[in-house]
């Protein structure tokens, strides 16, 4: 297709050469891959916030418990982990109370995994709207990550309550100044799930199977993240798998800051930062490419 | 600097037919390989024109090909063409919903499209929340929406329900609210596609009025796609006629409409899909006999014969036949029966028959439904509502009045004046 376009655009360039008009917009078959049009997204920032609001309102309207559901989900998962991994399997949690240990991991992880799965199906779930009207498509994944951030905020509140309880009743917790890094970690997770989700979103539009694979894959990925087993407890032979996962350093650092145990490794964290940004960049590029033609394939 | 606001050059859009997903990976690889070698896309050169009545040899069709036209500021361009001519594809490209395969479009100013009103409306949100959401989707900022909020609510006429979730709205209220938001966008270029197919007659009038307002008073450019010929004639200055993905004609609206009427509507055949073994008596097809021609469209007041072909395997003794013409809202525009004008019941021996009604139809432009029935001894033998609609098209405007005040009956009057006394 490229050459056809090349000929065509050469032709039109020749035809339009003398005309020095000021066009505000040019629609062409393909634009520069690096033309990310982030300015457009900024112009539509109100829309992002409205999408976030819509997500939130529509999810909890006509439910009795409303946002309380946000507490139930991590609590039940933590209790399950507590019973299965803590009591039955008796996995080591580096001497920390298992309940708060698991809750810390789950709170962080569920933000990442929920954003990721939601972003990765963004084209398929919004096909009806996307095929009718144009707005910068990036606003949609952005709003998904933000509305999950609100959810995370509430769940983080729950974690803080539990954490405060353990802090006063037990002496196993040693919070330190690293908990100041939490905002950075949260932003990092947001960007990582955004980037990764956008890469997958491009693929799920064409090959629907990937959506199935992804929901399943995210569950598996949790085991390659130190949510259940602390990084230090993984045998050096397999540790590289966890270390290669950019989420690992985020979970470990988060836990280290609040609970005072775990691995803190500057190199691992820097690796996560760099990887997140690379993935985000690739994600945006791919996303921008797909948004132009997805209506024909979805 | 000219005042051209849209300039379309060599625009083309190719679609792949058939099931997406089977073989796409191999095609993708093929494409990538060709690209790597700097060769032409192996699937771009093949492809037929967009004629869906004949089976093409290739899996790829050009839904649009070699489209060139320009639109000047303040112009109202009507885009017309039969179903599948590429109108919607063109609008989709213009509104950036999908990218073209070839060519380019240069645009000056902000484009907003009303491809479908109410996009992004969420049933759980209230009318107020949806106005903001929908407005933002269409490109307005929060402040712009807030400034126009009262006007929007006023125009929609749903003030009382503005804080009720829209899922509790009637479909009419929903559409009104949705259109109201779009109507108060202030883009330099507005794209409108068949929005007028929704809502009741009164609301349609309001919408047409608003569009006219936008183009005449505000001097905005409007691209209008519609099958409603009367509306196109009333609103548009210029026309673009598409046929099978190509520009058939591009000129002032009356020239283009004339071209449109002279292109035969060959997709339409007035036939009936029916299991012929299951029925003893059935209508086969309908058409209008106008001179030597058989067609499914006519001009108002034209002398013509309404013909129905009928097959009966069983003899009918005391038969009568009648048909109705119905408008878009199902209202009966005209009805007649073979026994009118002192006609008698008739006998029908097995065979193929043609029923002919000589009429003239002084009714206004539009699409009408044909509903025909035959009865024996007051019992319906066969009843058929044709999928082919009757199209009424005026070659020229026959009244100075606007459509909203002329009514459905299009009979010309003879005017004269006499002085009958002095004061």
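The values are calculated or read from the model by the stated rules, or taken from the named source; none is laboratory data. Quick caveat: nothing in here was measured; it's all calculated off a predicted structure. Heads up, the Cβs are rebuilt from the backbone with ideal geometry, glycines too, and the neighbour counts pull from every protein chain shown.
Which residue is modelled with the lowest pLDDT, if the candidates are limited to the stretch B:367-407 and must be part of a strand (DSSP E or B) and farther than 22 Å from residue B:271 by Cβ?
Residue satisfying both the conditions and the ranking: B:379.
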Considering only the stretch B:367-383, how many residues are surrounded by 14 or more Cβ atoms within 10 Å (Cβ to Cβ) and over 16 Å from the mean Cα position of the chain (by Cα)?
9
Specify the residue that is surrounded by the most Cβ atoms within 10 Å (Cβ to Cβ); the eligible residues are those in the stretch A:43-69 that are more than 9 Å from chain B (Cβ to nearest Cβ) and over 20 Å from the mean Cα position of the chain (by Cα).
A:60
Filter the stretch B:158-175 down to the residues that are out of contact with any strand residue (DSSP E or B) (no Cβ under 9 Å at 6 or more places or on another chain) and within 14 Å of another protein chain (Cβ to nearest Cβ), then identify the one that is nearest to residue A:42 (Cα to Cα).
B:167
Checked the stretch B:164-193 for anything more than 26 Å from residue B:96 (Cα to Cα) and free of Cβ contacts under 8 Å to residues at least 40 places away in the same chain; matches are B:164, B:168, B:170, B:171, B:172, B:173
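Residue-wise test of (1) more than 14 Å from chain B (Cβ to nearest Cβ); (2) out of contact with any strand residue (DSSP E or B) (no Cβ under 7 Å at 6 or more places or on another chain); (3) within 30 Å of residue A:159 (Cβ to Cβ).
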residue: A:240; (1), (2), (3): yes, yes, yes
residue: A:250; (1), (2), (3): yes, yes, yes
residue: A:266; (1), (2), (3): yes, yes, yes
residue: A:269; (1), (2), (3): yes, yes, yes
residue: A:273; (1), (2), (3): yes, yes, yes
residue: A:293; (1), (2), (3): no, yes, no
residue: A:296; (1), (2), (3): no, no, no
Being surrounded by fewer than 18 Cβ atoms within 10 Å (Cβ to Cβ) and more than 20 Å from residue A:132 (Cβ to Cβ) is the filter here, so list the residues in the stretch B:164-179 that pass it.
B:164, B:168, B:170, B:172
Boolean, residue A:72 is surrounded by fewer than 15 Cβ atoms within 10 Å (Cβ to Cβ), at pLDDT below 80 and either part of a helix (DSSP H, G or I) or more than 7 Å from chain B (Cβ to nearest Cβ) (or both)
no
Step by step: first the residues of the stretch A:22-42, then only those that are exposed (fewer than 14 other Cβ atoms within 10 Å of the Cβ) and facing chain B (nearest Cβ under 8 Å), then the one that is modelled with the highest pLDDT. Which residue is that?
A:26
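Do the conditions hold for residue B:182, that is, is it at pLDDT below 85, in a helix (DSSP H, G or I), buried (at least 20 other Cβ atoms within 10 Å of the Cβ) and touching a strand residue (DSSP E or B) at 6+ places or on another chain (Cβ under 7 Å)?
yes
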Check residue A:296 against each of (1) touching a helix residue (DSSP H, G or I) at 6+ places or on another chain (Cβ under 8 Å); (2) in a helix (DSSP H, G or I) and name the one condition it does not meet.
(1)
Which listed residue, of B:299, B:320, B:309, is surrounded by 13 or more Cβ atoms within 10 Å (Cβ to Cβ), modelled with pLDDT of 90 or more and under 25 Å from residue B:82 (Cβ atoms):
B:309
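Which residue is farthest from residue B:207 (Cα to Cα), if the candidates are limited to the stretch B:80-104 and must be facing chain A (nearest Cβ under 9 Å) and in a helix (DSSP H, G or I)?
Looking at residues that are facing chain A (nearest Cβ under 9 Å) and in a helix (DSSP H, G or I), I get B:93.
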Take the conditions surrounded by fewer than 23 Cβ atoms within 10 Å (Cβ to Cβ) and under 13 Å from residue A:113 (Cα atoms) and apply them to residue A:191. Does it pass?
yes
Residue A:96 passes all but one of (1) touching a helix residue (DSSP H, G or I) at 6+ places or on another chain (Cβ under 6 Å); (2) within 14 Å of chain B (Cβ to nearest Cβ); (3) in a loop (DSSP other than H, G, I, E, B); which number fails?
(2)
Please determine, by comparing only the residues of the stretch A:47-69 that are touching a helix residue (DSSP H, G or I) at 6+ places or on another chain (Cβ under 9 Å) and not in a helix (DSSP H, G or I), which one is farthest from residue B:122 (Cα to Cα).
A:65
One residue is enough: does the stretch B:361-381 have a residue meeting the conditions within 21 Å of residue B:291 (Cα to Cα) and in contact with a helix residue (DSSP H, G or I) (Cβ under 9 Å, 6 or more places away or on another chain)?
yes
Exactly one of B:338, B:386, B:413, B:394 is under 19 Å from residue B:300 (Cα atoms) and surrounded by 11 or more Cβ atoms within 10 Å (Cβ to Cβ), and that one is B:394
Residue list for the stretch B:105-157, restricted to those being touching a residue at least 24 places away in the same chain (Cβ under 8 Å), facing chain A (nearest Cβ under 7 Å), part of a loop (DSSP other than H, G, I, E, B) and more than 21 Å from residue B:207 (Cα to Cα)
B:108, B:109, B:122, B:124, B:125
Search result, residues across the stretch A:131-140 that are closer than 23 Å to residue A:191 by Cβ and more than 18 Å from the chain's Cα centre (by Cα):
A:135, A:136
When residues of the stretch B:351-366 are limited to those that are surrounded by 18 or more Cβ atoms within 10 Å (Cβ to Cβ) and in a loop (DSSP other than H, G, I, E, B), the one nearest to the chain's Cα centre (by Cα):
B:365
Taking the conditions exactly as written (under 16 Å from residue A:296 (Cα atoms) and modelled with pLDDT of 85 or more), does residue B:88 satisfy them or not?
no
